[in-house]
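Structure first, then comments.
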Amino acid sequence: MKKYIDTGKNDTRSGFGAGLEVLGKTNENVVALCADLIGSLKMDAFIANNPDRFFQIGIAEANMMGIAAGLTIGGKIPFTGTFANFSTGRVYDQIRQSIAYSGKNVKICASHAGLTLGEDGATHQILEDIGLMKMLPGMVVINPCDYNQTKAATIAIADYEGPVYLRFGRPKVANFTPEDQKFEIGKAVHLQEGTDVTIVATGHLVWEALQAAETLHEKGISAEVINIHTIKPLDDEAILNSVKKTGCIVTAEEHNFLGGLGESVSRVLALNHPTPQEFIATNDTFGESGTPAQLMEKYGLNAEAITNAVEKVIKRK
């Protein structure tokens, strides 16, 4: 069984900041916009090196999306930055009408997603954003798992022509993917080979899936772990090839089970290869205030919950 090493916990929002800094040096068309959250979005280095390519919009997120759409007409590649709640729910009309409808080349970069925003509570913890964004025609939806992958994703989306939603988080989490990785939009990453069950996970739940696989290995259960960093377009082939071998699947995400990764996977299975599935996700609920670890445990978004779901789904084969 392959072992993954945490090379030092870091927050995925810092991965975004590092990727944006690289783009500031390598792509002169990249510009950044922020809604009064420069520090939270880790945009400081980009601004310091490229002050003329940054626009502080203030607490006016809808206006930020409109400005971003306009900048693309002049050939710029705008990266907007604010919390995930304000990047999607607050400005859905502007994204739909001004960005998605006309296929504008805007990169909507969203920090503090999911429960792990923590103590700020339910008003700031959006658990519906993946569903909102994946339903927009032409919108790419990306949810990387650690600092290194978020940095690579940030750099990669600048070369993609069209709207992208890039989702990342606030807490320091395990950093275990290669520093020099090539990020391919829509291409899942196989982390662990297995024969008894498929675990597909996204974002912060990928590390938890790997920890669950180790526990399952000790119990004699061989788990295949796949990192689904791109929820749309989904890597249907990777999922189908895996479940044809294992015969059952668990999906894991820091999002409502309604509208998230799990439902996208269910569609693929229903159309091509019906397979027993269990969902690790929030159960149609808002979050609450607490530390990230407390919330992940309470809402069943951790390695223990994944392990239990695997044992349950295997019995359904």
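The values are calculated or read from the model by the stated rules, or taken from the named source; none is laboratory data. Because the structure is predicted, anything quoted here is derived from the model rather than measured. Counting neighbours? That spans all protein chains shown, and the Cβs are built from the backbone with ideal geometry, glycine included.
Observations on the structure shown:
- Residue match in segment 188-198 (condition: over 18 Å from Ile280 (Cα atoms), over 17 Å from the mean Cα position of the chain (by Cα) and hydrophobic (A, V, I, L, M, F, W, C)): no
- Annotation note: of Ile280, Ile239, the sole residue that is within 20 Å of Leu210 (Cα to Cα), in contact (Cβ under 8 Å) with a residue 24 or more places away in the chain and in contact with a Ser or Thr (Cβ under 7 Å, 6 or more places away or on another chain) is Ile280.
- Candidates Lys172, Lys187, Lys151 - the one that is in contact (Cβ under 8 Å) with a residue 40 or more places away in the chain and in contact with a Lys or Arg (Cβ under 7 Å, 6 or more places away or on another chain): Lys172
- Candidates Ala213, Ala153, filtered to the one that is assigned by TED's automatic domain parsing to the domain that holds Ala238 and crowded, with 24+ Cβ neighbours inside 10 Å: Ala213
- Residue within segment 10-24 that is part of a loop (DSSP other than H, G, I, E, B) and more than 21 Å from the chain's Cα centre (by Cα) present: no
- Cβ-Cβ under 9 Å pairs, at least 6 apart or on other chains, segment 257-268 side outside the structural domain of Ala281 (by TED's automatic domain parsing), far side surrounded by fewer than 17 Cβ atoms within 10 Å (Cβ to Cβ) and not basic (Lys, Arg): none
- Residues that are within 17 Å of Leu295 (Cβ to Cβ) and among the β-branched types (Val, Ile, Thr), drawn from segment 164-184: Val173
- Matching residues, segment 105-138, being at pLDDT 95 or above, aliphatic (A, V, I, L, M) and farther than 13 Å from Lys232 by Cα: Val106, Ile108, Ala110, Ala113, Leu115, Ile126, Leu127
- Subset tally (residues that are buried (at least 17 other Cβ atoms within 10 Å of the Cβ), over 30 Å from Thr195 (Cα atoms) and not aliphatic (A, V, I, L, M)) for segment 1-34: 12
- For segment 156-172, a residue qualifies if it is closer than 16 Å to Ile99 by Cα and either under 12 Å from the mean Cα position of the chain (by Cα) or not assigned by TED's automatic domain parsing to the domain that holds Glu128 (or both), and the qualifying residues are Val164, Tyr165, Leu166.
- Enumerated helices (runs of 4 or more DSSP H) restricted to segment 51-158, each holding at least 2 residues that are small (Gly, Ala, Ser): 61-73, 84-88, 147-157
- Exclusive hit being within 18 Å of the chain's Cα centre (by Cα), more than 15 Å from Gly114 (Cα to Cα), crowded, with 23+ Cβ neighbours inside 10 Å and aliphatic (A, V, I, L, M), set Ile239, Ile249: Ile239
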